[in-house]
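Peer 1: Sharing a structure here in structure tokens format.
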Amino acid sequence: MANSIPILEGTDAAGGFLVRDNNSPGVVFQRGINRQSAIAELAQIRPMTGKRERMTEYVGRPTAAFVGEGAAKPVTGAEYAEVVLDVKKIASTVLFSKEVLEDAAEDPTPIIAQDVRAAISDLIDQHALGWSNGGAIVGQFNSELMETTQSVELGAGADALAVAISAAMELIEANGYMPTGAVLARDAGAHLRDRRDVDGRPLYSDGFTAPTSSLYGIPLRYTTNLQSFSGAPAAGRKIGLVGDFSGAMLAIRKDVSFSFSDQATVDVGGVLHNLWQQNKVGVLWETRLGFVAHDLNRRFVAITNAA
């Protein structure tokens with residue numbers, strides 16, 4: 001592992017990354033998009049003001065040695081790198097006829113707005129994990145958590161999942177980090193609730209229901225994007241992730257907002273909707289955000305079910 005001597009501002013790897021282009025503002029909790037997203041609930045949430053965030057990453061390891069009286073002291077150094085987070089835009093548009101908005105007994109937009117936020121949250125999970133509906137995808141963020149090189153295999157037995165989570169926690173702890181959460185396949189909660197000992201007593205206490213359950217002191221969150229826990233074992237099958245999510249950041253440039261228009265022309269699969277001419281209203285929801293994980297291959301461990 002490289003150690004630069006001396007540590008100075010002029011060379012990025014030697015310490016220049018400590019002198020940032022932009023000093024990020026403080027952490028903000030419970031913004032709109034992180035209430036349904038498993039990843040956003042566990043990761044750091046940070047506002048940002050530009051199109052790109054650059055963060056210092058410490059990758060060095062100074063050394064020490066015993067020295068004799070009057071002897072020269074050894075000189076050591078350190079090394080810095082940089083983590084980059086790019087902002088991406090997410091959007092969704094819904095069309096209404098003006099008659100529906102005028103004549104409906106209840107305003108239809110609030111219910112749809114909740115569903116749009118849920119869709120945005122699910123999209124965040126998909127691209128932060130690099131998995132969508134049980135299959136690997138090419139994520140649009142700077143990191144894909146399921147691409148970590150660390151993994152543990154789901155064993156056999158009633159307590160197999162709990163044992164795998166513990167083994168993943170140990171790998172993270174051995175790397176000097178602290179596990180802070182786990183993202184599991186949606187049906188893993190039912191598995192934990194249904195486990196029984198030989199006398200029919202639950203192996204685990206009550207509370208294995210999203211989004212407030214925990215095991216071994218770490219929160220458990222569930223997603224439909226990983227492969228199901230109950231499915232047959234197969235090569236490359238990934239059913240969960242344990243990690244130190246203090247090293248994962250969801251940076252929000254613009255929280256979810258919406259706007260109305262009855263003047264535009266909207267293309268829907270090649271069919272043009274002239275909103276003013278056809279008495280229609282378009283509602284546009286959009287957000288701008290980015291995601292990145294620091295030290296992915298040491299901070300995160302995938303749970304696989306290959307055998």
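The values are calculated or read from the model by the stated rules, or taken from the named source; none is laboratory data. What you see is a predicted model, and the numbers here were worked out from it, not measured in a lab. With ideal geometry, Cβ positions are generated from the backbone for all residues, glycine too; neighbour counts draw on all protein chains shown.
Peer 1: Cβ contacts < 7 Å: first residue in the same structural domain as residue 298 (by TED's automatic domain parsing) and free of Cβ contacts under 8 Å to residues at least 24 places away in the same chain, restricted to segment 59-83; second residue assigned to a loop (DSSP other than H, G, I, E, B) and not polar (S, T, N, Q), any location; separation 6+ or different chain. Result?
Peer 2: The qualifying pairs do not exist here.
Peer 1: Being surrounded by fewer than 13 Cβ atoms within 10 Å (Cβ to Cβ) and among the small types (Gly, Ala, Ser) is the filter; apply it to segment 98-118 and report the residue that is modelled with the highest pLDDT.
Peer 2: Residue satisfying both the conditions and the ranking: 104.
Peer 1: Being part of a loop (DSSP other than H, G, I, E, B) and not small (Gly, Ala, Ser) is the filter; apply it to segment 68-84 and report the residue that is surrounded by the most Cβ atoms within 10 Å (Cβ to Cβ).
Peer 2: 79
Peer 1: Would you say residue 183 is crowded, with 17+ Cβ neighbours inside 10 Å, assigned by TED's automatic domain parsing to the domain that holds residue 203 and not in a helix (DSSP H, G or I)?
Peer 2: When the stated conditions are applied, residue 183 passes them.
Peer 1: Looking at residue 35, is it at pLDDT below 85 and either in contact with a helix residue (DSSP H, G or I) (Cβ under 8 Å, 6 or more places away or on another chain) or within 24 Å of residue 244 (Cα to Cα) (or both)?
Peer 2: yes
Peer 1: Let me ask something else. Just give me the residues in segment 126-165 being surrounded by fewer than 16 Cβ atoms within 10 Å (Cβ to Cβ) and either part of a helix (DSSP H, G or I) or outside the structural domain of residue 202 (by TED's automatic domain parsing) (or both), in sequence order.
Peer 2: Selection gives 163 alone.
Peer 1: Return the residue satisfying two criteria in turn: it lies in segment 40-67 and is polar (S, T, N, Q) and in a loop (DSSP other than H, G, I, E, B), and of such residues it is modelled with the highest pLDDT.
Peer 2: The first filter runs over segment 40-67 and keeps only residues polar (S, T, N, Q), leaving 44, 49, 56, 63.
Of the ones still in play, those that are also in a loop (DSSP other than H, G, I, E, B) are 49, 63.
Details: 49: 84, 63: 87.
Only one residue fits best here, namely 63.
Peer 1: Return the only residue of 244, 206 being at pLDDT 90 or above and out of contact with any strand residue (DSSP E or B) (no Cβ under 6 Å at 6 or more places or on another chain).
Peer 2: 244
Peer 1: Take residues that are surrounded by 17 or more Cβ atoms within 10 Å (Cβ to Cβ) and in contact with a helix residue (DSSP H, G or I) (Cβ under 7 Å, 6 or more places away or on another chain) and tell me which of the strands (runs of 3 or more DSSP E) falling wholly in segment 216-307 contain 1 or more.
Peer 2: 218-223, 238-243, 248-261, 280-293, 300-304
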